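All remarks here apply to the structure that follows.
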Amino acid sequence: MADDEQSTDNPKPSGPKPLGGELILPISGLLFTIYYFTTIIDVPWTAQVSAFFVGTILIGLIAALIIRTSLRVKRGEATLGLGPLFAPKAYIPKRLALLGLTLAYIFFIQWGGFTITTFFFLLFAMLLLSDGKKKGLIFGISLALSIGGYLLFILAFNTRFPRGPVETLLKDVF
Amino acid sequence: MEIDWGLFGELFARTFSFWWVILPAILLGLIVGAIPGFSAANTIIILLPMTLAMEPEIGLIFMVALYASSRMGAGIPAILVNIPGTAGAAATPLDGYPMTKQGRAQQALAISFVASVFGGLLTTLIALVAMPWLSQVAYHLHSVEMIVIMLFGISLIATIAAKDTLKGLIAGFFGLMIGYIGADVVYETPRGTFGFLELYDKVPLIPALVGLFAVSEAFAVIEGESILTKRGMAAMQKAGWKETWEGVTMAMSRWWHIIWTSIIGLVIGIVPGAGAAIASFVAYQQSKTFSKTPELYGTGHLDGLVAPESANNGVTSGTLIPLLVIGVPGGATAAIMAVVLQYHGVTVGPDLFENQPELAFGAFTAMAVTYAIMILTVLPLARYMSKITVVSTTYMAPIIISFTLVGAFVPRAYVFDMYLALAFGVIGYVARKTGYHVAAILIGVILGPLLENYFLRALRISEGDVLVIFSSGIGNILWILLIISLFVPMYLDKRRQRQREQALPTTTDC
Amino acid sequence: MTDYENDVSRRLFLKGAGATAGAGALSMLPIQMAFAAAFPEQNIQVFVPTRAGGGADRNLRAFTGVWKKYVKQNFEAGFYPGAAGRVGYETYMGKAKADCYNLIFGNMGPEVLNWVVKKPTFPLDSYFYFAQVDADPACVFVSSKSKFKHIDDIIAEGKKRTLTVGTSRLAHPASLGALVLAQKTGARFNLIPLSGGRNTRGGVTTGEVDFGVLPASSVLRKKIKVLALFDDKNPLPKRMPDAVLTNDHFKLGLPPLIAGARAFGIKKEAVEKYPERFKVLTDTLQKVYTDPAYKKAVVKTKAPWEFIKYGNAEDCAKYVKYVTDLGQDYRSLLTGKKKT
């Protein structure tokens, strides 16, 4: 599977395994389940039955994982380091920047519409990932894809893509 | 209903003469199927003005061809970039994507095309001949029986996560909890919605699908030059026509597998409201259960790709049966077809076979002809489609993010759904990086609410008697089958392990 | 989500830019833009609390397609599906300006029953419906294969054992119909919400439930028989020949229980601020009902013309009160909570 492939791509560190990262998802799951339970305390049983059943099992499973991990830590086989979550470290700034760009993309697309926002997102994101190389090619790809997306989805299929000034202006033209 | 073979022959000849309708519909269907957020149903709605203007027969052929090809289209990105185009293809990347990473994308595509086409073709023909009997399935699979069928699908969570069962189960049950977000089906009490009205009707599937698979993948792959492994890259650069042919022969060698997994799809498709996602998960789970090499599933195993692809195409013909025979559509696309036909004054239901047999049976001949034409058009494309995998992640990642996020927007036109997809992207990224299975989470999100719906419905009908789940004969047979399919692999596993230990006193870590 | 305020100003800006740019754009503008004096000067936005492509969409298109002739502006629909209409209403009340350029087009019955089950975030009297478009009565239906041939068969059986009743959701006028019927006749019904009309028809035809209740227009199919209508008269006797009128038959003494009553609604504040604009809307819309083009448009959508019915603000208010009161009577059954 994808995950397994990825972990085999990374060289295995020797020494205790950092298992802290493995706990992030279960702990989020635990917090979510507790929150979920608070929303169904005072509701008809139909709304409770499945969630209490599944949620209790989930809490049990998470408890088992926490116990397993702490035993391994105690035995010195593992640490609570975050390990592969942010590895390789060199990519942390890039990933965060890409996340920021994605958030900005979603934020601006509702005002700017699909075509122009997508163009700028593709342009900046590709420049970010290419470390500023191949500017011309990236400009061309971004332009072609945003215009192509406009032609296919908005003009030809009239799909409900986010619309903005460009789409409105072109609507009057076509 | 008497079977008139002469009529079938005439219908096939006639349908073939409409190749000029089928061909563009196939191309369109492949495209819309491949993009998350689009579906055959939406496309038919968008093209409604055009479909309504056509003769009912041509309109029906067009819709059927679009429907069948979109189902196949959804598997293409699932295999190439780990992004299922629709929930029905959510089980396809389990083995399809590992093949791609090994540089065997072309073979994987060819396998998926062959499995889809033959699964689709076979079930269409079965449907055509056995329609009067098959339509009875809908009368026997009610909530109680559907609960067990759902559990078949959900039990895949356990099988998927063979390497670390505990973590696999956590991912699956976390998914189920996420799937329970939203109002319950009886009293519509909102639960776990964080106050968002947009989550009142459960977690929308496309944003979940897009986030867990596509967005998280895009964030994960940027550390590599391409999504391929080094060996895979080398293999891809050498690839020619031979690889397509290899895929075809590999798939053909599994003809029996195609047959029985597509029949699973057909039967599940007949049940109104069930669907391709359930069918493909159930088929994958069954395929693994009865496999001699279950440990290979998830690593790019042939059978693991054949099963979901032939099953989800089996669903396509299945959903038309209740529509045409009892007038109850099996799924959203079938429902829209009914609307279009009604617009033309054609009322679907049993009378259709008496009054306009050419339309009723014509739907199935159109589907069969579509599959026949499709294999000829799409197979040669496998070689070119697979080239997308060598594109550098510098370009791929931003393209995947932007187009799939917009795809998450399309079904409901809420910007909220784009943020939701990003949130699922973060969950998916953490899951991938820390060894949890995104597919296990997704199975929970998709099947959890369905299971709850059937369960609550059954409980309500029985006025709160929990034992209702064992009240039906067919249901009980399904329960027994479920137990067998859960425990037989465990037993076989143990036995194999014992045999291996006897053969190899020192085990190697694989 | 399309932002309508922004949309409007953007459109104006672009139209302005188009005009200065000259020929092309200007020639496409309707003539009255140049005068821009009377209401409405811009397109009217309609918030629809259901998905695009559904019954409300078709219904609205048929209506506004004719209405636009009289107001001389276009209507733009924005669809906000979710939470049985809640999302649409919350969006309308939260985002739309109170300027008579923003309307909501909903289905009064099920949507006001939402408020009975759980109050919205806005005060209930901050909007009202001012034009009812159709009246689709609740009905009792069975599969044509069912052993029930007459509503009396259902009642008789319901006195022997609890019958299961498929409905699209509990908080729906059709469900109230079943509850009223059970209460008045002594039959025992167990309502099974099957999530939507399509699934409800499916549940009835495949025999999962004993019978179903839905708005009549959604069960005009072969293989389905309508056994009772909660109305004063049968609007389509030819297509529902077996339907008895519950009021006559069981002496219920109730007003018709309309399950589908689509209507235009508006913010109260908008009417208070711009009564003259509101008058333009109400005056023009009444012309639609008598326009033969409207009948043609409705017939084209395959919806029965017999269900089209005009109701003014007063009629709407009366209906809303009736459904709300009835909902309050059965609130514990709709919410599963013991306390009322």
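Values in this text are rule-based calculations from the coordinates and carry no lab data. Small disclaimer: the values here were computed from a predicted structure and weren't measured. Neighbour counts are summed over all protein chains in view; Cβ atoms, including those assigned to glycine, are modelled from backbone coordinates with ideal geometry.
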Item to complete: Would you list, by chain and number, the lysines whose Cα falls below 18 Å from the Cα of A:LYS17, excluding same-chain residues fewer than 8 positions away?
Response: A:LYS74, A:LYS89, B:LYS163, B:LYS167, B:LYS433
Response to the item:
Rounded to the nearest 5, the percent of DSSP beta bridges in the stretch C:136-257 running antiparallel is 45
Worksheet item: What ranking do C:183-195, A:33-45 get when scored by the average of other Cβ atoms within 10 Å per residue, highest first?
Response: C:183-195, A:33-45
Fill in: Distance histogram for the stretch B:183-269 (every C-alpha pair counted, 5 angstrom bins, percent rounded to whole numbers)
3, 10, 9, 9, 10, 14, 16, 11, 7, 7, 4, 1
Discussion item. If Rh is defined by the Kirkwood formula over all Cα pairs and Rg also comes from Cα, what ratio Rg/Rh do you get for the stretch A:89-173?
Written reply: 1.04
Response to the item:
Net charge near B:THR404 (other residues with Cβ under 15 Å of its Cβ; Lys, Arg +1; Asp, Glu -1) is -2
Discussion item. Below 11 angstrom from the Cβ of A:SER50, what's the summed charge of the other residues (Lys, Arg +1; Asp, Glu -1)?
Written reply: -1
Item to complete: Count charges around C:GLU90 for me, please; just the other residues with Cβ under 14 Å from its Cβ, Lys/Arg as +1, Asp/Glu as -1.
Response: +2
Practice prompt. Once you have all Cα-Cα distances for chain C, histogram them in 20 Å bins from zero and send the whole-percent values.
Written response: 30, 53, 16, 2
Discussion item. Under 20 °C and 1.002 mPa s, how fast does the stretch C:211-307 diffuse according to Stokes-Einstein, given a Kirkwood radius computed over C-alpha pairs? Answer in µm²/s, whole number.
Written reply: 131
Worksheet entry | Size of chain B as Cα extents on the principal axes (Å, biggest first) | 70, 60, 52
Discussion item. Compute, for the stretch B:5-497, the length of the dipole vector about the Cα centre, with Cβ point charges of +1 (Lys, Arg) and -1 (Asp, Glu) only. Units Debye, rounded to 20.
Written reply: 1580
Worksheet item: When only C-alpha pairs under 8 Å and at least 6 residues apart count, what is the relative contact order of the stretch C:155-207, in percent?
Response: 45
Worksheet, complete the sentence: Given B:145-158, C:83-96, the highest-first ranking by average Cβ count within 10 Å works out to B:145-158, C:83-96
Discussion item. With angles folded into 0 to 90 degrees, how steeply does helix A:92-112 sit against the dominant principal axis of chain A? Use alpha carbons for both and round to 10.
Written reply: 50
Discussion item. I'd like the antiparallel share, as a percent to the nearest 5, of DSSP beta bridges with both residues in the protein assembly as shown.
Written reply: 55
Worksheet entry | Fraction of the pair-distance distribution of chain A above 26 Å, Cα-Cα pairs, percent | 59
Worksheet item: Helix C:108-117 sits at what angle to the longest principal axis of chain C, using alpha carbons and giving 0 to 90 degrees rounded to 10?
Response: 70
Item to complete: For every helix of n ≥ 4 consecutive DSSP H residues, a contribution of -39,500 (n - 2.57) applies; sum these over the protein assembly as shown, divide by its total residues, and give [θ] at 222 nm rounded to the nearest 500 deg cm²/dmol.
Response: -19500 deg cm²/dmol
Worksheet entry | Proximal lysines to C:LYS295, defined as alpha-carbon separation beneath 25 angstrom and excluding residues fewer than eight positions away on the same chain | C:LYS68, C:LYS69, C:LYS72, C:LYS222, C:LYS233, C:LYS238, C:LYS279, C:LYS287, C:LYS309
Worksheet item: Rule-of-thumb check for the protein assembly as shown: C-alpha Rg over 2.2 N^0.38 Å?
Response: 0.94
Worksheet item: With the contact rule set at Cα under 8 Å and sequence spacing of 6 or more, what percent relative contact order holds for chain B?
Response: 28
Worksheet item: Rounded to the nearest 0.05, what FRET efficiency is calculated for B:ALA503 and C:LYS321 with R0 set to 60 Å and r the Cβ-Cβ distance?
Response: 0.15
Worksheet item: Assigning unit charges at the beta carbon (Lys, Arg +1; Asp, Glu -1) and nothing else, what dipole magnitude in debye, to the nearest 20, does the stretch B:164-210 show about its Cα centre?
Response: 140
Worksheet item: When Rg is the radius of gyration of the Cα atoms in the stretch C:48-193 and Rh is its Kirkwood radius, what does Rg/Rh come to?
Response: 1.07
Worksheet entry | Fewest-first sequence of B:GLU243, B:GLU223 by Cβ atoms within 10 Å of each Cβ | B:GLU223, B:GLU243
Response to the item:
Within 10 Å of the Cβ of an average residue in B:431-442, the count of other chain Cβ atoms is 6
Practice prompt. Measure nothing but the geometry: give the 0 to 90° angle between the long axis through the Cα atoms of A:24-39 and the longest principal axis through the Cα atoms of chain A, rounded to 10°.
Written response: 90
Item to complete: Take peptides B:54-67, C:309-322, B:204-217 and line them up by average Cβ neighbours within 10 Å, highest first, as a rough protection proxy.
Response: B:204-217, B:54-67, C:309-322
Discussion item. Running a GNM on chain C with Cα contacts under 10 Å, which residue among C:LEU176, C:LEU252, C:LEU220 ends up with the highest mean-square fluctuation?
Written reply: C:LEU252
Practice prompt. Choose one answer from C:GLU306, C:GLU76, C:GLU276: the residue with the largest mean-square fluctuation in a GNM of chain C with alpha-carbon springs under 10 Å.
Written response: C:GLU276
Practice prompt. Assuming R0 = 35 Å, can you tell me the calculated FRET efficiency for the pair A:THR168 and B:ARG231, based on Cβ-Cβ distance, to the nearest 0.05?
Written response: 0.10
Worksheet entry | Relative compactness, the stretch C:92-146, computed as alpha-carbon Rg over 2.2 N^0.38 Å | 1.58
